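A.B. asks: Dropping the structure in here first, questions after.
Each value in this text was obtained by applying a stated rule to the coordinates, not by laboratory testing. Model, not experiment: these values are computed from the prediction. Cβ placement follows ideal geometry from the backbone for every residue including glycine, while neighbour counts extend to all protein chains displayed.
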Amino acid sequence: MAGTEGIPGKNELLGAESTGFTAHCPNCRRETVWVKARISHGWHLLLIVVTGGLWTVSWLALLIGKVMRPWRCEVCGWHKPEFRNKIPEPED
C-alpha cells in the first residue's frame with residue numbers, strides 16, 4: 001500500500017485485518033485508508049508486572065484513547081479522518 005514501503009512489518013501487521021475505509025487525512029493531505037487502532041496487550045501486561053502495577057495507568061489511558069479514537073490513518077497514524085464529498089468529474 002502507498003506509503004508503507006520500507007516500514008518493516010507494516011504490511012504483515014495489517015494482513016487479513018486490513019478492513020477499513022477511505023477518507024481524507026489532514027496530516028498526509030491526501031485520501032488514505034483508515035484502519036482500526038491496535039494495542040499490544042501482551043507488552044502492556046508485561047510492563048505492568050515489571051513495574052509492579054504502575055504501568056496500569058498508562059495502559060488504561062491507551063484503552064480510553066482507543067475507545068474515543070478507534071480509527072487511524074494507515075500511512076501516518078493520524079486519528080481524525082475528514083469525510084469530503086468527491087467532486088464529480090466533468091462529462092465530455
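A.B. asks: Need the full-extension length gain, residue 45 to residue 76, defined as separation in residues times 0.36 nm minus the C-alpha distance. One decimal, nm. Kindly include the intermediate steps, with their values, before the conclusion.
C.D. replies: Working: separation 31, 0.36 × 31 = 11.16 nm, distance 2.62 nm.
Contour length minus the Cα-Cα distance gives 8.5 nm.
A.B. asks: Give me the Kirkwood hydrodynamic radius of the range 22-84 in Å, from all C-alpha pairs, to one decimal place? Spell out each step's value before the answer.
C.D. replies: Details: mean 1/r = 0.0772 Å⁻¹.
Here the Kirkwood hydrodynamic radius works out to 12.9 Å.
A.B. asks: Check each of the chymotrypsin sites (Phe, Trp or Tyr not before Pro) in the range 37-92 and keep only those in coil by DSSP with at most 13 other C-beta atoms within 10 angstrom; list them in order.
C.D. replies: Details: sites: 43, 55, 59, 71, 78, 83; in loops: 55, 78, 83.
Answer by residue number: 83.
A.B. asks: Quick one: Karplus J couplings for the range 39-53, per residue in order, coefficients 6.51, -1.76, 1.60, θ = phi - 60°, nearest Hz, x for Gly and Pro?
C.D. replies: Each residue of the range 39-53 in turn: 10, 7, 5, x, 5, 5, 4, 4, 5, 5, 5, 5, 8, x, x Hz.
A.B. asks: For the range 22-84, what does the relative contact order come out to in percent, with C-alpha contacts under 8 Å and a separation of six or more?
C.D. replies: Working: 75 pairs, mean separation 30.6, N = 63.
Normalised by residue count, the contact order of the range 22-84 is 49 percent.
A.B. asks: Now a separate question. Enumerate by residue number the GluC sites (Glu not before Pro) in the range 17-92 meeting two conditions: DSSP loop (anything except H, G, I, E, B), and at most 16 other Cβ atoms within 10 Å of the site's Cβ.
C.D. replies: On the way: sites: 17, 31, 74, 82, 91; in loops: 74, 91.
Passing both the DSSP loop test and the Cβ count: 91.
A.B. asks: Another question, if that's okay. Report, in debye and to the nearest 20, how large the dipole of the range 22-84 comes out about its Cα centre when Lys and Arg carry +1 and Asp and Glu carry -1 on their Cβ.
C.D. replies: Working: 9 positive and 3 negative charges, 33 e Å.
It comes to approximately 160 debye.
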